[in-house]
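Everything below concerns the one structure shown next.
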């Protein structure tokens, strides 16, 4: 889509749907914010006219989208080692270490995954939505480790984003939670921005976005439980918020479970190095070949060390 024009005709009048939401569903790899910026800049027109993001699509309207050439990424390439599980001309899958920030941000303007990818892929990354972003299709928190897929071109980025949006991607995590969780289960509870603490998310009493998480129990320890978690949706901080809501926050997660972690440390004497969450497996269809791919990432040393210490305490 880079530097090109797309034209589409609205098939059905949608009196309750905004234009930016309508376009977001058709171009899942482009953020709603990016679509709103393109509307504001006049790059998206309806029947040749500039409209607001709140415009309601009507049957027969012709929408034209002029995708700008991607701007140069502000981040600079840095030679940072990557643990690559798979790579071909279209994508790569890596085992992200804990502590590595994905995107540059305030306080983290270098030594991020973006810097590493700009060096490793040397100009082969996607530029969807007018920004030369290095192929990040989905994210992991700074302190979450494990499987992460990166797109090397726009077609791959669009196809992978579509798989994530349609929930056909397999996302398996290993999580150590505070408390002794008795049995497998699931939670279907919408998630929204916390009403007073804007950097946090929370289970929403009304509104919010649908979020479904299920789990099985792998091992139980005094004061902690090791889980295999399946993420059926992909909301920000979903696993952390859901298990906090259930009363079993992640071990080491002081944002969503400070009090529980104080009790866990008193019980085990073990200092948790981070939130104990690891993206263990990732499965999807290769965008070009259609072949089913599935990757697994071994635990990093800090995760393995905590589990080994808990196992030793049981003996």
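The values are calculated or read from the model by the stated rules, or taken from the named source; none is laboratory data. Quantities reported herein were computed from a predicted structural model and do not represent experimental measurements. Cβ placement follows ideal geometry from the backbone for every residue including glycine, while neighbour counts extend to all protein chains displayed.
Filter segment 284-315 down to the residues that are exposed (fewer than 14 other Cβ atoms within 10 Å of the Cβ), assigned to a strand (DSSP E or B) and touching a residue at least 12 places away in the same chain (Cβ under 8 Å) and list them by number.
The answer is 294, and nothing else.
Somewhere in segment 58-77, is a residue at pLDDT 90 or above, under 23 Å from the mean Cα position of the chain (by Cα), part of a loop (DSSP other than H, G, I, E, B) and in the same structural domain as residue 158 (by TED's automatic domain parsing)?
There is no residue in segment 58-77 that is at pLDDT 90 or above, under 23 Å from the mean Cα position of the chain (by Cα), part of a loop (DSSP other than H, G, I, E, B) and in the same structural domain as residue 158 (by TED's automatic domain parsing).
Which residues, counting only those in segment 241-253, are within 13 Å of residue 213 (Cβ to Cβ), crowded, with 23+ Cβ neighbours inside 10 Å and in contact (Cβ under 8 Å) with a residue 60 or more places away in the chain?
243, 250
Taking only segment 117-136 into account, find how many residues are crowded, with 24+ Cβ neighbours inside 10 Å and at pLDDT 85 or above.
Total satisfying the criteria: 1.
Can residue 98 be described as part of a loop (DSSP other than H, G, I, E, B), under 20 Å from residue 142 (Cα atoms) and under 18 Å from the mean Cα position of the chain (by Cα)?
yes
Yes or no: residue 86 outside the structural domain of residue 147 (by TED's automatic domain parsing) and either touching a helix residue (DSSP H, G or I) at 6+ places or on another chain (Cβ under 9 Å) or in contact (Cβ under 8 Å) with a residue 24 or more places away in the chain (or both)?
So residue 86 does not fit the description; no.
Within segment 175-200, track down each residue that is in contact with a helix residue (DSSP H, G or I) (Cβ under 9 Å, 6 or more places away or on another chain), closer than 23 Å to residue 224 by Cβ and part of a strand (DSSP E or B).
175, 176, 177, 178, 185, 187
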